[in-house]
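So the structure is just underneath, and the comments pick up after that.
The values are calculated or read from the model by the stated rules, or taken from the named source; none is laboratory data. Remember, predicted model here, so these are calculated numbers, not experimental data. Please note: Cβ atoms are built from the backbone with ideal geometry, for glycine as well, and neighbour counts cover all protein chains shown. Remember, those area values only see protein heavy atoms, side chains included, never the ligands or the DNA or RNA. Shrake-Rupley method; radii C 1.70, N 1.55, O 1.52, S 1.80 Å.
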Amino acid sequence: MTWSEIWPLLQEASVATAIMVGVSGLFAAVFGLLFGVLLVLTDRDGLFPLPILNKLLGGVVNVGRSLPFIILMIAIVPFTKLVTGGSSIGTEAMIVPLAVGAVPFYARLVETALREVDPGVVAAARAMGASGREIVWKVLLREARPGLLAGLTVTVIALVGYSAMAGTIGGGGLGDVAVQYGYERFETKVMISTVVLLVVVVQLIQMLGDWAARRLSHK
């Protein structure tokens, strides 16, 4: 293949990868944050201790994290078809397993970030009569912002890798291009270009995440 043929292919694949990572990353940020907060709040030493709910949530998160992504994609094909209206391949369909895999991953990172908040700050807020909602929003989440953002950066980078893996079953994006052209058709230039693009994307995401986390840590 010539470069004039490769570039349009890579551009289209890059857009597909960006859509998959962006949408699934948004789901992970919202639901991962929710689950992570609930894990901390319902813990034995949390603000609202509910051991049964905590164990249930912890079990769901652990199951989601224990499955390799390639197995998860195949295991939830019926659910993916249900959500997408019958399709289990393509860019839109791959958003489902990507989100399902990323939510528990980020939830644990959220839990870790929240547990690193100084207990003295929480105790002081409670002593001053702050409500549970105020402690969550104005103390826990505010103090843990750098850690939460760092965790989201790690999650998005993991999603880039997952999206490339999705190409092995027709998920679209850069992974699909690497498999179809770089591997099956022995197009070395396509494979090298795909690898370089993925490395550049990951480096940019990491640099942006580190910069934003540093800015938040100084506020």
Legend entry - Projected label distance in nm at L50 and F186, using a 7 Å step from Cα toward the beta-carbon: 6.0
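When only the heavy atoms of the protein chains count and the probe is 1.4 Å, how do L38, L204, L9 rank by accessible area, highest first? Numbers along the way, then the final one.
Numbers: L38 55, L204 105, L9 35 Å².
I get L204, L38, L9, largest accessible area first.
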Inset, instruction - Specify the residue with the greatest mean-square fluctuation among L159, L82, L33, computed from a Gaussian network of the chain linking alpha-carbon atoms under 10 Å apart. - result: L82
Inset, instruction - Could you provide, to the nearest whole Å², the per residue accessible area of the chain with probe 1.4 Å? - result: 55
Inset, instruction - Report, in debye and to the nearest 20, how large the dipole of region 147-219 comes out about its Cα centre when Lys and Arg carry +1 and Asp and Glu carry -1 on their Cβ. - result: 360
Legend entry - Helix-only [θ]222 nm of the chain, DSSP H runs n ≥ 4, -39500 (n - 2.57) each, per residue, nearest 500: -23500 deg cm²/dmol
Inset, instruction - Have a look at A93, G129, I70 and report the one farthest towards the positive end of the charge dipole of region 3-216, computed about the Cα centre with Cβ charges (Lys/Arg +1, Asp/Glu -1). - result: G129
Inset, instruction - Tell me the label-point distance for the pair V15, R133, using the 7 Å Cα-to-Cβ offset, in nm and rounded to one decimal. - result: 4.3
Legend entry - Cα centroid separation - region 100-142 against region 61-92, whole Å: 30
Legend entry - the chain: DSSP helices with Cα axial extent of at least 18 Å and average Kyte-Doolittle hydropathy no lower than -1.0: 3-27, 51-66, 91-115, 145-166, 188-217
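As a test of reading the structure, rank D43, D210 by solvent-accessible area (1.4 Å probe, protein chains only), most first.
Values: D43 40, D210 65 Å².
Accessible-area ranking of D43, D210, largest first: D210, D43.
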Inset, instruction - Can you figure out the FRET efficiency of V60 with D118, using R₀ = 41 Å and their beta-carbon distance, to the nearest 0.05? - result: 0.90
Legend entry - Residue with peak Gaussian network fluctuation, the chain [Cα springs, cutoff 10 Å], from S131, S87, S66: S131
Legend entry - Model label zone, S217; criterion: amide N under 17 Å from point 7 Å along Cα-to-beta-carbon; scope region 135-154: 142-154
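Relative contact order for the chain using alpha-carbon pairs under 8 Å, separation at least 6, rounded to a whole percent? Let's see the in-between values first.
Numbers: 258 pairs, mean separation 57.8, N = 219.
So the answer I get is 26 percent.
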Legend entry - Chain lengthening between V196 and M1 when straightened (0.36 nm per residue, less Cα-Cα): 68.5 nm
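With +1 on the Cβ of every Lys and Arg and -1 on the Cβ of every Asp and Glu, and nothing else charged, how large is the dipole of region 3-216 about its Cα centre, in debye rounded to the nearest 20?
Details: 15 positive and 14 negative charges, 120 e Å.
Dipole of region 3-216, to the nearest 20 debye: 580 debye.
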Inset, instruction - Enumerate the residues in region 125-163 having an amide nitrogen under 16 Å from the point lying 7 Å beyond the Cα of L208 toward its Cβ. - result: 149-161
